[in-house]
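In what follows, a structure is listed as C-alpha cells, so that the remarks can point back to it.
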Amino acid sequence: MPTKMLRIPTADGRADAFAAFPDGGGRHPGVLMYPDGFGIRPVLRDMARELAGHGYCVLVPNLFYRHGPAPVTELPEHIGEEVRPAIFARLMPMIEAHTTERALSDADAYLGFLTAQPEAGAGPVAVTGYCIGGLMATRTAAAHPGRVAALAAFHAPVGADGPGSLSELTAEVHFGHAESDLTPGALGRLNKALDAAGADYTSEIYPGTVHGFTMSDTDAFNPAALQHHWDRLLPLLGRTLSG
C-alpha cells in the first residue's frame, strides 16, 4: 500500500499529513480523514491504509500543525485511562485554539490539496472524522456542499455548533455515536435537526460503546463497533463517490 508524508500549504503555514493510496497506481476518489484529538499515529495510519485498500486516496492532516508536527504531544503505545487526563491537559489548549475560523480555513487548504494530488480522481470527495475530527468533518461538509458528497463522523460532537450548523449539508451523512456520549433524547433532537435540513442520513447510537470506540490503542476500543463503522462507512463511500 503506497503511503507518504506530505506538507499542505495553509494560510498559517504548512500542515504535515499522512496519505495512503491504493496499489496499482491510477486515480481514485478522495477521502479527507480527520483524526481524533490524539492525532496522527499508528492506529490512524492503519485505518487510512485500510480505507485506501478499498480504492480511495486518503489524506489525514495534523489538526494541530500550528503547534508542531505530529505527534504534538508524546503518546504511549496504548492510551489507557491512567494517562488520558495528563495527555488531555496538554492537548486542551491546542483544541481550544483551533477555532471554527481556523478549522474552515484549513479545510479549504486540505480539500484543495487533496483534489490536486495526481492519485486523486476528478469528482466529489468524502470527509470522515473521529472525536473532534468528526466535528471538523461536519464543518467541512457544511462549508463545501458542492464538493463533499459524503460525510461520516464517529463518537464526535457533531451538534456542538447548534442545529443550524447542519442546515447547509448536502452530503449523504452517517453519524455513529457512542452510547456514553449521547442520550436517546439528544439523538432525537440531533436527528430532528438533520430532518429539518433535508439531509439524507443515518444517525445512530452504537450499542455498548464508550467515547473513542474505533481506536484500537485506547481502553475505549470495541472491535464489534469498529467493524460496524466499516460496514456503514464503506457502502456510504461506494454510493456517493465516482471512480
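The values are calculated or read from the model by the stated rules, or taken from the named source; none is laboratory data. All of these numbers come straight from a predicted model, not from anything done at the bench. Backbone-built Cβ (ideal geometry, glycine too); neighbour counts: all protein chains shown. The area values use the complete protein model at the heavy-atom level, side chains included, leaving out ligands, DNA and RNA. Shrake-Rupley method; radii C 1.70, N 1.55, O 1.52, S 1.80 Å.
Working carefully through the options Met5, Met47, Met92, find the one that is open to solvent by less than 40 Å² (accessible area, probe 1.4 Å) and either hydroxyl-bearing (Ser, Thr, Tyr) or not in a loop (DSSP other than H, G, I, E, B) (or both).
Values: Met5 fails: open to solvent by less than 40 Å² (accessible area, probe 1.4 Å); Met92 fails: open to solvent by less than 40 Å² (accessible area, probe 1.4 Å).
Step by step, each of Met5, Met47, Met92 is checked, and only Met47 is open to solvent by less than 40 Å² (accessible area, probe 1.4 Å) and either hydroxyl-bearing (Ser, Thr, Tyr) or not in a loop (DSSP other than H, G, I, E, B) (or both).
Which of the following residues is over 22 Å from Pro29 (Cα atoms) and in a loop (DSSP other than H, G, I, E, B): Ser216, Ser203?
Ser216
Matching residues to (1) part of a helix (DSSP H, G or I); (2) farther than 15 Å from Gly30 by Cβ; (3) in contact (Cβ under 8 Å) with a residue 60 or more places away in the chain; (4) more than 13 Å from the chain's Cα centre (by Cα):
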| site | (1), (2), (3), (4) |
| --- | --- |
| Leu104 | yes, yes, no, yes |
| Leu114 | yes, no, yes, yes |
| Gly123 | no, no, yes, yes |
| Gly129 | no, no, yes, no |
| Gly134 | yes, yes, yes, no |
| Thr140 | yes, no, yes, no |
| Pro145 | no, yes, no, yes |
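Could you tell me which of the residues Val210, Val158 is in contact with a strand residue (DSSP E or B) (Cβ under 9 Å, 6 or more places away or on another chain), open to solvent by 30 Å² or more (accessible area, probe 1.4 Å) and in a loop (DSSP other than H, G, I, E, B)?
Val210
Could you tell me which numbered condition Val31 fails, if it satisfies all but one of (1) in contact (Cβ under 8 Å) with a residue 60 or more places away in the chain; (2) on the phi > 0 side of the Ramachandran plot; (3) not hydroxyl-bearing (Ser, Thr, Tyr)?
(2)
Give the residue, chosen from Glu204, Glu168, that is surrounded by fewer than 19 Cβ atoms within 10 Å (Cβ to Cβ) and in contact with a Gly (Cβ under 8 Å, 6 or more places away or on another chain). Give the steps one after another, and end with the answer.
Details: Glu168 fails: in contact with a Gly (Cβ under 8 Å, 6 or more places away or on another chain).
Of the residues listed, the single one that is surrounded by fewer than 19 Cβ atoms within 10 Å (Cβ to Cβ) and in contact with a Gly (Cβ under 8 Å, 6 or more places away or on another chain) is Glu204.
Answer yes or no: is there a residue in region 55-70 that is of a type in the set (S, T, N, Q) and surrounded by 20 or more Cβ atoms within 10 Å (Cβ to Cβ).
Yes, there is a match, as at least one residue in region 55-70 is of a type in the set (S, T, N, Q) and surrounded by 20 or more Cβ atoms within 10 Å (Cβ to Cβ).
So which of Thr99, Thr128, Thr115 is open to solvent by 50 Å² or more (accessible area, probe 1.4 Å), touching a strand residue (DSSP E or B) at 6+ places or on another chain (Cβ under 8 Å) and not aliphatic (A, V, I, L, M)? Please lay out each step first, then the result.
Working: Thr99 fails: touching a strand residue (DSSP E or B) at 6+ places or on another chain (Cβ under 8 Å); Thr128 fails: open to solvent by 50 Å² or more (accessible area, probe 1.4 Å).
Just a single option satisfies the conditions, and that option is Thr115.
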